[in-house]
Amino acid sequence: MKNKLIVIKLGGNATKQLTTSFFNQLQMWIEMGIEILIVHGGGPQITELSQRLHLKADKIDGIRVTDAATLNITREILLGLVQPQLCATLVQHGLPVIGLNTSDNQLLLGTYLNQSKYGLVGQIEQINSTWLHHQLKQQIGVLAPLAMTTDGQWLNVNADQAAADIAVLLGADRLVMLTDVPGVISNGQIINSIDEQLSSKLINQSVIKSGMQPKIKAAFRALHQGVARVSITNDLTNQGTVMNTVS
């Protein structure tokens, strides 16, 4: 019987706001024998560096348009800044950790999402699950949302989409979208449970805005493709908003 697996998507802002409860929950899951994979973003840091270098930081439907220069910045931020800092923070809290990216044993293979529209942006098609599960038996994986084509071209992948696709491909039991807000909020209240009909209504009413839309879409895709529990929250110990299929 395989170990349970929880995939956590950690946004670029959320990486700076981790609380004691976050580290305690990870430790508890490790002690229960649960495998943990963190897929980290770095959007705010990528946008900041792009602006400092006077490069465009355009997004279409929440997806960052990525040319060669933007891809280089994305790799630099994710692999040279966000991932090392996150790994160091986990180690400081006594947690075993390994930093991962697509070049590790062909870990993430992808194809272009829509090259004419988004440029060097990909979607994940295949994962080296055997090798990855072996790593996760001993430590928490911290994975950058970058993929590689079969001919070696690196691709930027939206972190929400990457986390959802990875959770599906690995057969994860749970996907947590950990962000800097406590869930989907309407009229100042957290919505405890949301289905696609309600989410579409809230998107049309501009209650769910551009930053949250890719999370919602990715979360429902994971739910429909076999991940039993998918939620959006800012605290691992609070359920936040749970995705539900229409009853």
- For the stretch 90-97, indicate whether the set of residues that are crowded, with 17+ Cβ neighbours inside 10 Å, touching a residue at least 24 places away in the same chain (Cβ under 8 Å), touching a Leu at 6+ places or on another chain (Cβ under 7 Å) and under 19 Å from Asp165 (Cα atoms) is non-empty. no
- Query: In the stretch 153-183, what count of residues is obtained for those that are among the small types (Gly, Ala, Ser) and within 21 Å of Arg64 (Cα to Cα)?
  - Reply: 4
- In the stretch 211-227, what residues are assigned to a helix (DSSP H, G or I) and either of a type outside the set (S, T, N, Q) or in contact with a Lys or Arg (Cβ under 8 Å, 6 or more places away or on another chain) (or both)? Pro214, Lys215, Ile216, Lys217, Ala218, Ala219, Phe220, Arg221, Ala222, Leu223, His224
- Residue check, Ser199 against (1) closer than 16 Å to Leu223 by Cβ; (2) open to solvent by 60 Å² or more (accessible area, probe 1.4 Å); (3) of a type in the set (Ser, Thr, Tyr), all met but one. Which one? (2)
- Message: Could you go through the stretch 191-198 and let me know if any residue there is of a type in the set (Asp, Glu) and in contact (Cβ under 8 Å) with a residue 60 or more places away in the chain.
- Response: no
- Within the stretch 1-31, can you find the residues that are assigned to a loop (DSSP other than H, G, I, E, B) and free of Cβ contacts under 8 Å to residues at least 24 places away in the same chain? Met1
- Item | Single residue of Ile38, Ile30 found to be at pLDDT 90 or above, of a type in the set (A, V, I, L, M) and under 12 Å from the mean Cα position of the chain (by Cα) | Ile38
- Message: Quick check on this structure: which one of Ser210, Ser231 is open to solvent by 10 Å² or more (accessible area, probe 1.4 Å) and of a type in the set (Gly, Ala, Ser)?
- Response: Ser210
- Residue selected from the stretch 58-78 under the condition farther than 14 Å from Asn158 by Cα and among the small types (Gly, Ala, Ser), by the criterion surrounded by the most Cβ atoms within 10 Å (Cβ to Cβ): Ala69
- Item | Selection status of Ala159, in contact with a Pro (Cβ under 6 Å, 6 or more places away or on another chain), closer than 27 Å to Asn101 by Cα, small (Gly, Ala, Ser) and buried (at least 16 other Cβ atoms within 10 Å of the Cβ) | yes
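The values are calculated or read from the model by the stated rules, or taken from the named source; none is laboratory data. Please read all numbers here as calculations on a predicted model, not as lab measurements. Cβ: placed from backbone, ideal geometry, glycine included. Neighbour counts: every protein chain shown. The accessibility values were calculated without ligands, DNA or RNA, using every heavy atom of the protein model including side chains. Shrake-Rupley method; radii C 1.70, N 1.55, O 1.52, S 1.80 Å.
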